[in-house]
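Below is one structure, written out as structure tokens; the observations come after it.
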Amino acid sequence: MLNLYKRIWQHTGRSQVLLIVLSLIVAGLAAAPLRFQKDIINSLGPDLVLESLITMCVGYLGVIFASNVFKFLLNYRSSLLGERTIRFIRKRIYSQRFDPDVSQQRDMGTLTTIIAAEAEEVGRFAGVAIANPLLQIGTLISVISYIASTQPYLGGFLVLIVVPQAVVVLLLQARVNRRVRARTLILREATSAISVEQIDQMKGAQQGILDDFDEIFTTRRGIFRLKLSMKFAMNLLNGIGLIGILMIGGLLMMNGRSDVGTVVASIAALERISDPWRQLLNFYKELSSVRVKFDLIVGTARMSS
């Protein structure tokens, strides 16, 4: 993993700085809507002052607008960086095909698979390798800190909800990684066999390739089961989180230790942390998969000078 990030920073470090700044700005704005929701809901009643309501709604809209502008810039620059990296990897891998200094050349089938598919995944990841986890972690910290400062019990409960999800992903993702590696190697073998297929060996080669396709199907089926199991666990834990907030919030309100606005903001916070937390876990899954592909791409040839 360190080698992967070293290569990414070596080739994209200057562009990553802008992405880091944009990520911190978006994460810093994440909790602002919750404050407006809480204040607006608590202000609703017979003592409502219209001017105050309008001011809060305008401020709420302004925060939403600013947050989405920075998100647009972040996503655009990340996508652009990823595409540049894909181009770089493809050019470097293809050029090595004709480099006499490279001792061990890849056959055309393997080369085609790397350029067409594997470079796409690894290059795209470079655009989000730093900005994505920074944004999601920053958002989680921003949102949970706000709720904890408003009502510590609800803030602590939000933390307890995300911990089991991390455990589930860590336990299952290693098994997914093994299947991803196996599938990639089988696909390379199949495309390599296609590229070197000879007329007099046509029948035998075809049967071997068809067997490889069956093995790829079986491997992918196992990956689907593991990924859907993780998704099932995440959805179940999110449902438990919503019910828990309603129960804890209701008890706190009964004892006069909370208000409607705080409970509603906590429910909204659960939704807010669910997305970045899911994105963060998906990023870890993608990182694990890309690390496998990166190791296979680097393999016998070096991508950097």
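The values are calculated or read from the model by the stated rules, or taken from the named source; none is laboratory data. As the structure is a prediction and not an experimental result, all values here were calculated from the model. No Cβ is skipped: glycine too gets one built from the backbone with ideal geometry, and neighbour counts run over all protein chains shown. The area values use the complete protein model at the heavy-atom level, side chains included, leaving out ligands, DNA and RNA. Shrake-Rupley method; radii C 1.70, N 1.55, O 1.52, S 1.80 Å.
Values computed for the structure shown
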| read-out | value |
| --- | --- |
| Odd one out for Pro100, checked against (1) modelled with pLDDT of 85 or more; (2) open to solvent by 80 Å² or more (accessible area, probe 1.4 Å); (3) under 30 Å from Gly123 (Cβ atoms) | (1) |
| Conditions (1) touching a residue at least 12 places away in the same chain (Cβ under 8 Å); (2) closer than 27 Å to Arg124 by Cβ; (3) open to solvent by 60 Å² or more (accessible area, probe 1.4 Å); number of the one not met by Ser67 | (3) |
| Where Gly256 falls short, out of the listed (1) in a helix (DSSP H, G or I); (2) free of Cβ contacts under 8 Å to residues at least 40 places away in the same chain | (1) |
| Odd one out for Lys91 among (1) over 14 Å from Ile130 (Cα atoms); (2) crowded, with 16+ Cβ neighbours inside 10 Å | (2) |
| Top-ranked residue of region 232-280 - restricted to ones that are open to solvent by less than 10 Å² (accessible area, probe 1.4 Å) and of a type in the set (A, V, I, L, M, F, W, C), ranked as nearest to the chain's Cα centre (by Cα) | Ile273 |
| Filter result for Lys6 (open to solvent by 40 Å² or more (accessible area, probe 1.4 Å) and free of Cβ contacts under 8 Å to residues at least 24 places away in the same chain) | yes |
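Per-residue answers, yes or no, for (1) over 27 Å from Tyr284 (Cα atoms); (2) in contact with a Gly (Cβ under 7 Å, 6 or more places away or on another chain):
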| site | (1), (2) |
| --- | --- |
| Arg7 | no, no |
| Gln10 | no, no |
| Ser15 | no, no |
| Leu19 | no, no |
| Leu24 | no, yes |
| Pro33 | yes, no |
| Lys38 | yes, yes |
| Asn42 | yes, yes |
